[in-house]
1. Got a number for residues in region 145-159 being crowded, with 24+ Cβ neighbours inside 10 Å and more than 18 Å from Lys2 (Cα to Cα)?
2. Taking Trp66 as meeting all but one of (1) within 21 Å of Gly79 (Cβ to Cβ); (2) crowded, with 21+ Cβ neighbours inside 10 Å; (3) in contact (Cβ under 8 Å) with a residue 40 or more places away in the chain; (4) not acidic (Asp, Glu), write down the number of the exception.
3. Which of (1) among the aromatic types (Phe, Trp, Tyr); (2) over 15 Å from the mean Cα position of the chain (by Cα); (3) more than 27 Å from Trp84 (Cα to Cα) is the odd one out, the single condition Phe182 does not satisfy?
4. Please list, ordered by residue number, the helices (runs of 4 or more DSSP H) wholly in region 90-134 having 1 or more residues that are hydrophobic (A, V, I, L, M, F, W, C) and farther than 26 Å from Thr217 by Cβ.
5. Can you find even one residue in region 169-187 that is touching a residue at least 12 places away in the same chain (Cβ under 8 Å), within 15 Å of the ligand (Cβ to nearest atom) and assigned to a helix (DSSP H, G or I)?
6. So which of Arg60, Arg82, Arg68 ends up being at pLDDT 95 or above and within 16 Å of the ligand (Cβ to nearest atom)?
7. Looking only at region 155-166, how many residues end up being of a type outside the set (Ser, Thr, Tyr) and within 20 Å of the chain's Cα centre (by Cα)?
8. Among the residues of region 1-27 satisfying the criterion of being surrounded by fewer than 15 Cβ atoms within 10 Å (Cβ to Cβ) and more than 16 Å from the ligand (Cβ to nearest atom), which is nearest to Pro236 (Cα to Cα)?
Amino acid sequence: MKKESILIGAPMGDIVGSRFEFDNIHTTDFELFNHECGYTDDTICTIAVADAIVNGKNYRDSLLEWCRRYPHPMGGYGGYFRRWISSYDPQPYNSYGNGSAMRVSAVGWAFDDYEEVMTQAKMSAEVTHNHPEGIKGAQCVAVLIFLLRTGTIDKKDTEQFTNDIFGYTIPSFEEIKQNNSFNETCQGTVPVSIRCFLEANDFEETIRLAVSVGGDTDTLAAIAGSIAEAYYSVPPEYIKTTETYLSKEMLDVISKFNTKYNF
Ligand SMILES: [Mg+2]
C-alpha cells in the first residue's frame, strides 16, 4: 500500500533524537523538532544504503562516498568507522556496533523476498560490521520492516518472531527504563528499539519512547522509527518538517527511492 513517504522514519528518529544523545532526558514530553536538532551519521548512512540500492552502487563505495562528503556530522562518527572512512583501502573491522542496524532500512523496503532481504542486509552490514552480531542486527531490522510492511507478520507476532529467528530476548519496557545506559552495540540497541515499537500505539509515540529511555538516543529512535514506519505511517507534517533538515542531495535519493519502491 502506497504511503505518503518511505525511508523517512530513520531520518526523523535520528533528527528528533540528535539533541539528546549526549544530554539524555527521561520523559516523553519534549518538543520533537527545534533548532538544536540535526541529522547525524544515522541519516547519512541510511541515505548511502538507499543510494546504493536505487542507483546500483555497491554498499561500500556508497557509504564511503556519502561519509566522505559529510565528514563532520552532528555527534561525529564512531572511532573505528571514522578510521574506516579515511583509510586508503577500507576493510571490514569485525564490528558489532549498532551502525549496521541504523543504516539498513532501505533494504527492508526495496526487496520483496525474505531471503533476498536477508542477503542484502548482510551485504550492507559486512563491509564494516562483519561480526555475526553486526550482521544479525542489520538482518533483524530489515526483515522486520519487510514483514511488517507486507503484513506477513502482525505487530503482536513481532516479539515471538524476533526471538525465534534471531534469538533476541526483548526486554520489558520497565527493565529498559531502569537499566538503559549508553550502549552502541547491535545486541544492546536493536531489542530496545523493538520494544519501543511494541510498547507504543503509533509512530510518534515510538519515537518519543525511544528518546525517553536514554542512551544512544538518535540511533535508538532511528531504528525504532524505521520499524514503526513499516507498520504505521509517518504523519505528513512530520515528513515535511524532517525534510527541512536534510540536504538537497539527500532529498533527491529519498525521492528517487520513493518513486521506485513506494507503491
Ligand atoms: Mg548518530
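1. Of region 145-159, the ones crowded, with 24+ Cβ neighbours inside 10 Å are 145-146.
Next, only the ones that are more than 18 Å from Lys2 (Cα to Cα) stay: none.
Result for region 145-159: 0.
2. Unmet for Trp66, out of (1) within 21 Å of Gly79 (Cβ to Cβ); (2) crowded, with 21+ Cβ neighbours inside 10 Å; (3) in contact (Cβ under 8 Å) with a residue 40 or more places away in the chain; (4) not acidic (Asp, Glu): (3).
3. So Phe182 meets the others, but not (3).
4. Values: elements: 99-102, 105-110, 114-126.
It comes to 105-110, 114-126.
5. Taking region 169-187 first, the residues touching a residue at least 12 places away in the same chain (Cβ under 8 Å) are 169-173, 176-177, 180-187.
Within this subset, residues satisfying the condition of being within 15 Å of the ligand (Cβ to nearest atom) are 182-186.
Subsequent filtering for residues that are assigned to a helix (DSSP H, G or I) retains 186.
The answer is yes, given that some residue of region 169-187 is touching a residue at least 12 places away in the same chain (Cβ under 8 Å), within 15 Å of the ligand (Cβ to nearest atom) and assigned to a helix (DSSP H, G or I).
6. Values: Arg60 fails: within 16 Å of the ligand (Cβ to nearest atom); Arg68 fails: within 16 Å of the ligand (Cβ to nearest atom).
Selected residue: Arg82, the only one of Arg60, Arg82, Arg68 that is at pLDDT 95 or above and within 16 Å of the ligand (Cβ to nearest atom).
7. Our first condition is that a residue be of a type outside the set (Ser, Thr, Tyr); within region 155-166, this holds for 155-157, 159-161, 163-166.
From what's left, within 20 Å of the chain's Cα centre (by Cα): 155, 159, 161, 163, 165-166.
Residues meeting the conditions: 6.
8. Just the residues of region 1-27 that are surrounded by fewer than 15 Cβ atoms within 10 Å (Cβ to Cβ), to begin with: 1-2, 4, 22-23, 25-27.
Applying the additional criterion that residues be more than 16 Å from the ligand (Cβ to nearest atom) yields 1-2, 4, 25-27.
Values: Met1: 16, Lys2: 13, Glu4: 7, Ile25: 26, His26: 27, Thr27: 24 Å.
This residue is Glu4.
The values are calculated or read from the model by the stated rules, or taken from the named source; none is laboratory data. What you are looking at is a predicted structure, and each value in this text was computed from that prediction instead of being measured. Cβ: placed from backbone, ideal geometry, glycine included. Neighbour counts: every protein chain shown.
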